[in-house]
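Have a look at the structure below, then the notes.
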Amino acid sequence: MPATHSTRMLILGSGPAGLSAAIYGARAGMAPIVVQGIQPGGQLTTTTDVENYPGFRDVIQGPWLMEEMQAQAEHVGARMVWDHIVEADLSRRPFRLIGDGGTVYSGDVLVIATGAQAKWLNLPSEEHLKGRGVSACATCDGFFYRGKKVAVIGGGNTAVEEALYMTNHSHEVTLIHRRDSLRAEKILQDRLFAHPNIRVLWNKAVDRFVAGGDPEGLVGLDLRDTKTGEIDRLEVEGGFVAIGHSPATELFKGKLALDADGYIEVETGTTRTSVAGVFACGDVMDKVYRQAVTAAGTGCMAALDAERFLAEMEFEASAAA
Ligand SMILES: Cc1cc2nc3c(=O)[nH]c(=O)nc-3n(C[C@H](O)[C@H](O)[C@H](O)COP(=O)(O)OP(=O)(O)OC[C@H]3O[C@@H](n4cnc5c(N)ncnc54)[C@H](O)[C@@H]3O)c2cc1C
């Protein structure tokens, strides 16, 4: 017989959104259970220097920040369980999640904080240089490339926004796109083409991220012309892959309203999803900002929304009785 864990507030995901919801939920007396998933601490555990999380004058390390958030959540009464959820039943309350070993987690309310993962080009050289010149987040890492030549790879809104953002740090930004036109909105394209420090290389695909220097880092990109097959080298010290993100919402297809890109839809200004009692926070519902601090902020909102929802339900139940 598989074990069942029940709580008033069930939280799925242990990145900044899930752990912030846990801190607020625990302090509101909801004894949250956090199902951590295969990446306890979330995306920040895959990076080193974090310079933009408020409260720290010195550079801090992503994994350290997440350990501290978890410790704080546990200190105020949240319980962490390591499991990966493979099934979700949102058809009635309490909601039920099932782990890959069959363990059942049930919650009067559910906070979904499963995040999103950046899409990569999946080149071995890209993997080798991640965090050493290759990044998927200009807002996070752009500051480390002050005064350096950089390239942004992609052709959609994200790529154009990242290229424009990088002009705050670099006088030489190259946008690399494998086609001869961009998918980005017209207004963004206009701003891109008007910018004196951005040039676009059309019909080019990255063949290889080139390593060099001591300590080793990115020194260039080998670019393949998608029409002629010719390879040219572009010298850059930063390469930002901006080809989109995949929100972790596979579990919720057909059960919650998702937008065309698969992000969970929430009522404007809240974390309420299309199912009453289910709340979403962090990168899984935010394709615009995608930062640790915004994830933590919406995590706080989700816990407060959930607490109010439960209070209303409990008030109605006692009034009816
Ligand atoms: C390399 C890198 C560097 C970054 N640097 C910065 C930075 O400097 N500053 C900044 O503000 N932001 C940075 N970011 C962005 C930041 O990490 C994210 O915005 C933030 O982590 C999003 O938090 P989240 O809680 O929404 O989701 P995530 O951090 O993605 O966490 C998702 C959680 O959900 C869990 N999960 C998913 N599916 C399941 C499942 N089926 N069952 C159980 N659990 C599941 C995972 O295990 C994980 O714990 C960086 C991101 C990356 C990748």
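Can you tell me which residue among VAL284, VAL266, VAL275 is within 11 Å of the ligand (Cβ to nearest atom), within 17 Å of LEU12 (Cα to Cα), hydrophobic (A, V, I, L, M, F, W, C) and not assigned by TED's automatic domain parsing to the domain that holds ALA205?
Numbers: VAL266 fails: within 11 Å of the ligand (Cβ to nearest atom); VAL275 fails: within 11 Å of the ligand (Cβ to nearest atom).
Result: VAL284 is the single residue among VAL284, VAL266, VAL275 that is within 11 Å of the ligand (Cβ to nearest atom), within 17 Å of LEU12 (Cα to Cα), hydrophobic (A, V, I, L, M, F, W, C) and not assigned by TED's automatic domain parsing to the domain that holds ALA205.
For every residue, the table says whether it meets (1) more than 12 Å from GLY13 (Cβ to Cβ); (2) outside the structural domain of ARG146 (by TED's automatic domain parsing); (3) in contact (Cβ under 8 Å) with a residue 40 or more places away in the chain.
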{"position": "VAL34", "(1), (2), (3)": "no, yes, yes"}
{"position": "GLY37", "(1), (2), (3)": "no, yes, yes"}
{"position": "PRO63", "(1), (2), (3)": "yes, yes, no"}
{"position": "HIS75", "(1), (2), (3)": "yes, yes, no"}
{"position": "GLU87", "(1), (2), (3)": "yes, yes, yes"}
{"position": "THR103", "(1), (2), (3)": "yes, yes, yes"}
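Scanning the range 47-61 for residues that are without any contact (Cβ under 8 Å) to a residue 40 or more places away in the chain and surrounded by 15 or more Cβ atoms within 10 Å (Cβ to Cβ) yields a single hit, ILE60. Here SER170 fulfils each of the conditions (1) farther than 30 Å from LEU12 by Cβ; (2) part of a loop (DSSP other than H, G, I, E, B); (3) free of Cβ contacts under 8 Å to residues at least 24 places away in the same chain apart from (3).
Restricting attention to the range 233-246, does a residue exist that is of a type in the set (Ser, Thr, Tyr), in contact with a strand residue (DSSP E or B) (Cβ under 6 Å, 6 or more places away or on another chain) and buried (at least 16 other Cβ atoms within 10 Å of the Cβ)? No, the conditions are met nowhere in the range 233-246. When you check THR167 against the structure, is it at pLDDT below 95, within 24 Å of the chain's Cα centre (by Cα) and β-branched (Val, Ile, Thr), yes or no? No, not satisfied. Tallying residues that are surrounded by 13 or more Cβ atoms within 10 Å (Cβ to Cβ) and at pLDDT 95 or above within the range 172-187 yields 8. Screening THR139, THR158, THR114 for residues that are closer than 30 Å to ALA280 by Cβ, buried (at least 22 other Cβ atoms within 10 Å of the Cβ) and out of contact with any strand residue (DSSP E or B) (no Cβ under 7 Å at 6 or more places or on another chain) leaves exactly one candidate, THR158. Could you identify the single residue in LEU251, LEU218, LEU258, LEU223 that is aliphatic (A, V, I, L, M), more than 26 Å from the chain's Cα centre (by Cα) and either crowded, with 17+ Cβ neighbours inside 10 Å or within 12 Å of the ligand (Cβ to nearest atom) (or both)? Within the list LEU251, LEU218, LEU258, LEU223, the selection yields LEU223.
For the range 290-321: of the residues being of a type in the set (Ser, Thr, Tyr) and without any contact (Cβ under 8 Å) to a residue 40 or more places away in the chain, which is farthest from the ligand (Cβ to nearest atom)? Among residues in the range 290-321 that are of a type in the set (Ser, Thr, Tyr) and without any contact (Cβ under 8 Å) to a residue 40 or more places away in the chain, the one farthest from the ligand (Cβ to nearest atom) is SER318. Listed by position, the strands (runs of 3 or more DSSP E) enclosed by the range 238-321 that each have at least 2 residues that are of a type in the set (A, V, I, L, M) are 278-280.
Residues that are of a type in the set (A, V, I, L, M) and assigned to a loop (DSSP other than H, G, I, E, B) were ranked within the range 179-209; the one that is nearest to ILE231 (Cα to Cα) is LEU182.
Considering the conditions (1) among the small types (Gly, Ala, Ser); (2) farther than 28 Å from PHE143 by Cβ; (3) in contact (Cβ under 8 Å) with a residue 60 or more places away in the chain, GLY29 is excluded by exactly one of them, (3).
Residue count for the range 7-58 satisfying the condition of being closer than 19 Å to ALA302 by Cα, more than 7 Å from the ligand (Cβ to nearest atom), outside any loop (DSSP other than H, G, I, E, B) and not charged (D, E, K, R): 14. Taking strands (runs of 3 or more DSSP E) as the structural unit, those lying wholly within the range 59-146 and holding at least 2 residues that are over 20 Å from the mean Cα position of the chain (by Cα) correspond to 79-81, 85-89, 95-99, 104-112. Filtered by the rule that a residue be touching a residue at least 40 places away in the same chain (Cβ under 8 Å) and closer than 20 Å to ASN157 by Cα, the range 213-271 gives GLY238, GLY239, PHE240, VAL241, ALA242, ILE243, GLY244, HIS245, SER246, PRO247, TYR263, ILE264.
The values are calculated or read from the model by the stated rules, or taken from the named source; none is laboratory data. The structure presented is a predicted model; accordingly, all values stated were derived computationally and were not measured. We place every Cβ from the backbone using ideal geometry, glycine too, and count neighbours over all the protein chains shown.
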